Amino acid sequence: MEHTNDLEIFLVATPGLEAPLYAEAVENRFQNAKIVPGGVSCLGSWSEVWRANLCLRGANKVLVRLGSFPAVHLAQLDKRARKFPWSEFLRPDVAVKVEATSRKSRIYHAGAARQRIERALAETLGVEISAEAGLRVLLRIEKDICTLSVDTSGDPLHKRGHKPAVAKAPMRETMAAMFLRECGFDGSEPVLDPMCGSGTFVIEAAEIALGLHPGRSRKFAFEDLKNFDQDSWNEMRNATSVKETQVVFRGSDRNSGAVQAASTNADRAGVSTVTDFQARAVGDIKPGHETGGLVIVNPPYGARIGDEKRLKSLYGSFGKVMMSRFRGWRAGIITSSPSLARATRLPLLPAGPVVDHGGTKIRLYRTETLR
């Protein structure tokens, strides 16, 4: 198996969360990491590609750049696509889906460009082209340069693989992990989410504390690539030992169905021994015996006119409880509304960057340790 160390690896970030993904990549010793539009790029071998999929909590996808060439018209694209060394990367027996984009280029018709790539693949390698294929080849034409990449993840990486479908508009695992990081969480302190829904923040925090890799129980598209080595991959996936932790990660919600779902999810994720979920209202939360930690919450934002007034009292009661019972703790609040954040009356630090949460613009509002 060849170990080229100079593959260009691109980690796709949630817009607004590039900085914590970069910090995570650096912490995990990915080489030459830098923030670029849309995410973080780094360099590494194919085994580094597998490792990125296995262990990075904040990446939505891991793409690998296969190569690039200039082309100013479709005939040229056709010719160069047929000469491209597809057989180094792809297997003739695995179907692929091709996607293309074009901007600021003389080849402006992305659909026609995509067809040229599909034909080249089918006719030079004998690959079946299918819209349902789990393996995606991506063509990006920008300023007449054609760049070919492969999506090595398959399903988006927030699908950790051990969690069933969940409550409405939940916080994605990748985002939750990056917000935890932005709050300074490193796995060594308790976390409480008093509006836990299906338990995403609590479960991510517990996994971080136990050193469990987010991709440990799922399949990836790279397993269908030419140079995939099952034995090496098994070895990498099984190499980590679970850390010990004395910390308990708690979630509560006034909806007992959510609490039930969160407990089931924690169980499936293998973190039920260090998590605890209770049905209770925000006004009834209190710390355990711990003297400090992080309370993180993603309360409702209120999309409809008239919601704000009702929600202000929810945010207000959260702030009151924090100030009266949670001295020594920090708070992190994720919301789309600055006035709702202010309704907590907590001593908020400047808001974090705008993050795109399924079309809603949200931000993280944090406090220092409450005195």
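The values are calculated or read from the model by the stated rules, or taken from the named source; none is laboratory data. Not measured: the values here are computed from a predicted model. Positions of Cβ are generated from backbone atoms using ideal geometry, with glycine treated the same way; all protein chains shown enter the neighbour counts. Heads up: the accessible areas ignore ligands, DNA and RNA and are worked out on the full protein's heavy atoms, side chains in. Shrake-Rupley method; radii C 1.70, N 1.55, O 1.52, S 1.80 Å.
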query = What's the number of the condition Ile35 fails, among (1) under 26 Å from Lys219 (Cβ atoms); (2) touching a helix residue (DSSP H, G or I) at 6+ places or on another chain (Cβ under 7 Å); (3) of a type outside the set (Ser, Thr, Tyr)?
reply = (1)
ask   = Tell me, which strands (runs of 3 or more DSSP E) wholly within region 101-210 include 2 or more residues that are of a type in the set (Lys, Arg), under 25 Å from Ser41 (Cα atoms) and open to solvent by 10 Å² or more (accessible area, probe 1.4 Å)?
value = 135-142
ask   = Under 7 Å by Cβ, and 6 or more places apart or on different chains, what pairs join a residue from region 5-31 that is at negative phi with one that is of a type in the set (Lys, Arg)?
value = Glu8/Arg65; Phe10/Arg65; Val12/Lys61; Pro20/Arg181; Ala23/Arg181; Glu24/Arg57; Glu24/Arg181
inquiry  = Based on this model, can you work out whether Asp144 counts as under 30 Å from Phe179 (Cβ atoms) and either in contact with a Leu (Cβ under 6 Å, 6 or more places away or on another chain) or in contact (Cβ under 8 Å) with a residue 60 or more places away in the chain (or both)?
reply    = no
Exclusive hit being more than 30 Å from Lys361 (Cα to Cα) and open to solvent by less than 40 Å² (accessible area, probe 1.4 Å), set Gly16, Gly44 = Gly44
ask   = acidic (Asp, Glu) and touching a Gly at 6+ places or on another chain (Cβ under 9 Å), is that true of Asp267?
value = no
remark   = Counted residues in region 70-88 being touching a residue at least 40 places away in the same chain (Cβ under 8 Å) and open to solvent by 20 Å² or more (accessible area, probe 1.4 Å) come to 9
message = Among (1) surrounded by 18 or more Cβ atoms within 10 Å (Cβ to Cβ); (2) among the hydrophobic types (A, V, I, L, M, F, W, C); (3) in a helix (DSSP H, G or I), there is one condition Leu66 misses while meeting the rest; what is its number?
response = (3)
